[in-house]
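Working notes for the structure below.
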Amino acid sequence: MIITLVPLNYEMTTPGVYTRTTNDVYVVNGNNRGNIYTLGVYGKRKLTILESWLVKIDPKSDLDPYDPKTDMSDKEFNRFGTISHSISNINAIYVAFNTFKEKNPNQFKTHYNPYLPPEKVLDAEYKGLLVSALRKEYTGAIKTDDIITHLNGELITSFEQFLEKIRLHLKTNDNYKVTVIRNYNKENETSFEITDAPVAKDDQRYLPYYLEDYIRLYKLEPLVLISQASSIGSSGGAMKALAIYDALHYQSIILGLNVVGTGTIDMHGNIHEIGGIRQKIITASDGNFDVFFVPKANYEEAKAEYDNIYTDKEGFDLVAVETFSDILEYFEAGEE
């Protein structure tokens, strides 16, 4: 009994479930449809000997080392995943609304509120970079949930701009100053400067914290309801953006297809790599889907598992995408 209960420093990833996007986001007075799905996988850290052995012999699961000295604790990981999930929802809304306004400004104005100018439909403000987690090696003054607004006195307008400016510090290990908003709320913003430095690991230098572009949404027309998160992480962002975008249309744009996919989405509509892609392909193969959208960075691994599953039968279209526009172009091509 002791042998089976002793925890080992491994983490597992196993196939999970597919879920309707309308379980997470819902457009009030929109045409919400139930045939766009996100995917989740199951994971666990600190496995017993028995659990690790069962995972090793399961061809659908993966087993990876977990180092409690350098990797996030369960509490830290869950907090990071919850923050990433919330940011993903905001980005999905922001991208869907901006794309719709760009493509259909007149329809948007007249279909929902003829007295509201299109430019006021989405009232949003870029606040800075939200600190979603800290590296184990970091011992500085930054805290999770801080918002970094300036780097060396210069206003931050995006993560890409911040990264471009800080690359020199990552090379030289020089200190830098960031201006931070802490305990943020609408009534009271307190900002102050912190002197910080990169952290070193395996002869490399890294940012000492994980950062997310943070957009604050003040007003939406129509309103989008976000349910209490039943999962963590940001990988559902691309499909939620598609679901919101589709719900803003009087007629569905997805051609009656059953759609599934994965991928984080940033505020610019770029779709980024995710984890557990092999298990997500396996999960999707249990459903009745017509198309699966996968981040281009994950495509080769996804295609290998896809080919392994569909050796003698026809499967869904597996489509690599880099941007939200790539997803829309797939459906636009089908209309021709």
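Taking the range 41-65, which residues are of a type in the set (Lys, Arg) and assigned to a helix (DSSP H, G or I)?
Residue satisfying the conditions is LYS56 alone.
Entry remark, the range 59-99: residues being at pLDDT 90 or above and touching a helix residue (DSSP H, G or I) at 6+ places or on another chain (Cβ under 8 Å) number 13 in total. Counting only residues that are outside any strand (DSSP E or B), under 18 Å from VAL95 (Cα atoms) and not acidic (Asp, Glu), the range 287-336 holds 6 of them.
When residues in the range 286-297 are screened for being buried (at least 18 other Cβ atoms within 10 Å of the Cβ) and farther than 10 Å from VAL321 by Cβ, 3 of them pass. Identify, please: which residue in the range 69-109 is among the basic types (Lys, Arg) and in contact (Cβ under 8 Å) with a residue 60 or more places away in the chain and is, among those, surrounded by the fewest Cβ atoms within 10 Å (Cβ to Cβ)? Here the residue is LYS69. With respect to ALA200, is the statement that it is outside the structural domain of ILE36 (by TED's automatic domain parsing) and of a type in the set (Gly, Ala, Ser) true? Judged against the criteria, ALA200 is a match.
Matching residues to (1) closer than 21 Å to PHE324 by Cα; (2) among the hydrophobic types (A, V, I, L, M, F, W, C); (3) at pLDDT 90 or above:
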position: ILE194; (1), (2), (3): no, yes, no
position: ARG205; (1), (2), (3): no, no, no
position: LYS240; (1), (2), (3): yes, no, yes
position: ALA243; (1), (2), (3): yes, yes, yes
position: HIS249; (1), (2), (3): yes, no, no
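Residues that are farther than 30 Å from GLY30 by Cα, among the β-branched types (Val, Ile, Thr) and either assigned by TED's automatic domain parsing to the domain that holds ASN89 or crowded, with 20+ Cβ neighbours inside 10 Å (or both): does the range 269-280 have at least one? Yes, because at least one residue in the range 269-280 is farther than 30 Å from GLY30 by Cα, among the β-branched types (Val, Ile, Thr) and either assigned by TED's automatic domain parsing to the domain that holds ASN89 or crowded, with 20+ Cβ neighbours inside 10 Å (or both). Restricting attention to the range 298-325, the residues that are among the aromatic types (Phe, Trp, Tyr) and either surrounded by 19 or more Cβ atoms within 10 Å (Cβ to Cβ) or closer than 11 Å to VAL260 by Cα (or both) total 3.
When the range 23-38 is limited to residues that are under 18 Å from the mean Cα position of the chain (by Cα) and modelled with pLDDT of 90 or more, the one that is farthest from LEU255 (Cα to Cα) turns out to be THR38.
Return a yes/no flag: does the range 202-213 have any residue that is surrounded by 11 or more Cβ atoms within 10 Å (Cβ to Cβ), of a type in the set (Lys, Arg) and out of contact with any helix residue (DSSP H, G or I) (no Cβ under 6 Å at 6 or more places or on another chain). No, the range 202-213 contains no residue that is surrounded by 11 or more Cβ atoms within 10 Å (Cβ to Cβ), of a type in the set (Lys, Arg) and out of contact with any helix residue (DSSP H, G or I) (no Cβ under 6 Å at 6 or more places or on another chain).
How many residues are among the polar types (S, T, N, Q) and either over 23 Å from MET12 (Cβ atoms) or touching a residue at least 60 places away in the same chain (Cβ under 8 Å) (or both) when one looks only at the range 280-310?
2
The values are calculated or read from the model by the stated rules, or taken from the named source; none is laboratory data. No experiment lies behind these values; they were computed from the predicted model shown. For neighbour counting, all protein chains shown are included, and Cβ atoms are generated from backbone atoms with ideal geometry for every residue, glycine included.
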